[in-house]
Amino acid sequence: MQKQFSVKLSKIIKAHNLTETYLPCDASEIEIYSLEVSRPGLHLTGFFDFFDNTRIEIFGKTEIEYIDHFRPEERRKCVFDFFSHKPVAVIVTRSLEIPTEMLEAAKEFGCPILGTDVWTSEYLATLISMLNVELAPRVTRHGVLVEVHGEGILLLGESGVGKSETAMELVKRGHRLIADDAVEIRRVSSKTLVGSSPENIRHFMELRGIGIVNIRRIFGIGAVKVTQQIDMIIQLEQWDRNKLYDRMGIENEYTDILGNEVPSVTIPVKPGRNLAIIIEVAAMNNRQKEMGYNSAQELLNKLGMLEETPEKNKTLSWDE
């Protein structure tokens, strides 16, 4: 069973600078579990068959005007019927005046009411974006995440293969470190994975023989980054002379992480190889492929061999 994540209402209030019109308790005690956000719509007409009280409810101009057009008795019944289903929180946009009946119902049923001056559609997009990140499925894996030429490169491999040393060399060459040792990966959409470091070890790196170093303190704020989209996975492994490594790049390999496929390559490690330069080239080559250009395909096309060696794709599981 997949673990369910949550975000505290206090974090949403702080991030979006919301006005606390009414809170039944401290906002840090209220947990939001649902990625979905609703505008009441049919619920205000009395249709509650599919009402989900774990969703944040957004009241914009349409909802407030709809409530206001009722006579006082009808307005009270409409509002109290809605709040009796105890939504986790209600946010009123555009600095609209909140009807007295809403405040009374919120206090009776213990429902938070918050406010923002942002327009409804704009705020919906902002809130959904935050919830997609905070409540995203996630997994933590041993590795190093760096940004190289704008590409998020996840370095994997056994302990001692040289991941941290390679990342250090990349930082010295002007690239940025996101996470060392533990990379927290979140699936923020069906096509996007975002990596970050656990907060307690952020910006720290372990170098065997030296110990723990703080990359931000040594190289400055420009050498680190908090989050980064993962565009490519590079598996580092000790050179095996009996293994046949890909020398053309025709066969595209992908690694499945949380249901998303990420382009991946395997780079053999042995004395004398400059891994930092190789990874820089791999990052730029991956960006070219994202833009529709494949060097190996062009070469084979020039040699008249493209039909004989068609492009292949292979997807690896995380543990393969």
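Each reported figure results from applying straightforward, stated rules to the coordinates on display, with no laboratory input. Since this is a predicted model, take the numbers as computed values, not measurements. Don't worry about glycine lacking a Cβ; one is built from the backbone with ideal geometry, like all the others, and counts go over all protein chains shown.
Helix 100-109: angle to the longest alpha-carbon principal axis of the chain, degrees 0 to 90, nearest 10?
Orientation of helix 100-109: about 70 degrees from the principal axis.
What is the sum of charges, Lys and Arg at +1 and Asp and Glu at -1, for the other residues whose Cβ falls under 13 Å from the Cβ of F70?
Numbers: positive: R71, R75, R76, K77; negative: E63, E65, D68, E73, E74, D81, E101.
Net local charge, F70 excluded: -3.
In nm, give the distance between the simple-model label positions of F5 and H69, each being 7 Å from the Cα along the Cα-to-Cβ direction.
Distance between label points: 4.1 nm.
Specify the residue with the greatest mean-square fluctuation among P198, P99, P263, computed from a Gaussian network of the chain linking alpha-carbon atoms under 10 Å apart.
Comparing P198, P99, P263 in a Gaussian network model of the chain, the most mobile one is P99.
Looking at segment 138-316, send over the antiparallel percent of its DSSP beta bridges, to the nearest 5.
Values: 31 of 47 bridges.
For segment 138-316, the DSSP antiparallel bridge percentage is about 65.
After finding the eigenvalues of the alpha carbon gyration tensor for segment 138-316, what semi-axes result from the square roots of 5 times each, listed largest first in whole Å? Don't jump to the answer; show the numbers that get you there.
Working: eigenvalues 168, 68, 45 Å².
In descending order, the three semi-axes are 29, 19, 15 Å.
In the set (1) 0.93; (2) 0.99; (3) 1.12, which value of Rg/Rh (Cα atoms, Kirkwood Rh) was calculated from the structure you see?
Among (1) 0.93; (2) 0.99; (3) 1.12, the one calculated here is (3).
How high is the FRET efficiency from E169 to S129, r the C-beta distance, R0 30 Å, rounded to 0.05?
Efficiency computed from Cβ-Cβ geometry: 0.30.
Kindly state, to the nearest 0.05, the FRET efficiency for N200 paired with E158, given R0 = 25 Å and r defined as their beta-carbon distance.
So, using R0 = 25 Å, E works out to roughly 0.55.
Within segment 197-215, list the residues whose amide N lies under 16 Å from a label point set 7 Å along Cα→Cβ of H142.
The answer is 206-208, whose backbone nitrogens lie closer than 16 Å to the label point.
I'd like to know which of L96, I153, A136 lies farthest towards the positive end of the charge dipole of the chain, counting +1 on Cβ of Lys and Arg and -1 on Cβ of Asp and Glu.
Comparing the listed Cα positions along the dipole, I153 ranks first.
Would you kindly derive the ³J(HN,Hα) couplings of segment 262-267 from the backbone phi angles with the Karplus curve 6.51 cos²θ - 1.76 cosθ + 1.60 (θ = phi - 60°), listing them in order in whole Hz, with x for Gly and Pro?
10, x, 9, 9, 10, 10
Give a quick list of chymotrypsin sites (Phe, Trp or Tyr not before Pro) in segment 160-261 that DSSP marks as loop, anything other than H, G, I, E or B, with at most 16 other Cβ atoms within 10 Å.
W239, Y245
Report, for the chain, the % of DSSP beta bridges that are antiparallel, rounded to 5. Don't skip to the end; give the middle numbers.
Values: 36 of 61 bridges.
Around 60 percent antiparallel, to the nearest 5.
Hey, quick one: spin label on R216, modelled 7 Å out along Cα-Cβ, who in segment 166-201 has an amide N within reach, i.e. under 19 Å?
168, 171-172, 174-185, 195-201
For M291 and D256 in the same chain, what is the full-extension length gain: residue separation times 0.36 nm, less their Cα-Cα distance, in nm?
10.5 nm
Which translational diffusion coefficient, to the nearest whole µm²/s, is obtained for segment 1-155 from the Stokes-Einstein equation, given a Kirkwood hydrodynamic radius over C-alpha pairs, 25 °C and 0.890 mPa s? Provide the component values of the computation, followed by the final result.
Values: Rh = 17.0 Å.
Using the Kirkwood radius from Cα pairs, D works out to 144 µm²/s.
Return the FRET efficiency for the residue pair D117, E31: r is the Cβ-Cβ distance, R0 is 25 Å, and the value is rounded to the nearest 0.05.
Between D117 and E31 the formula returns 0.45.
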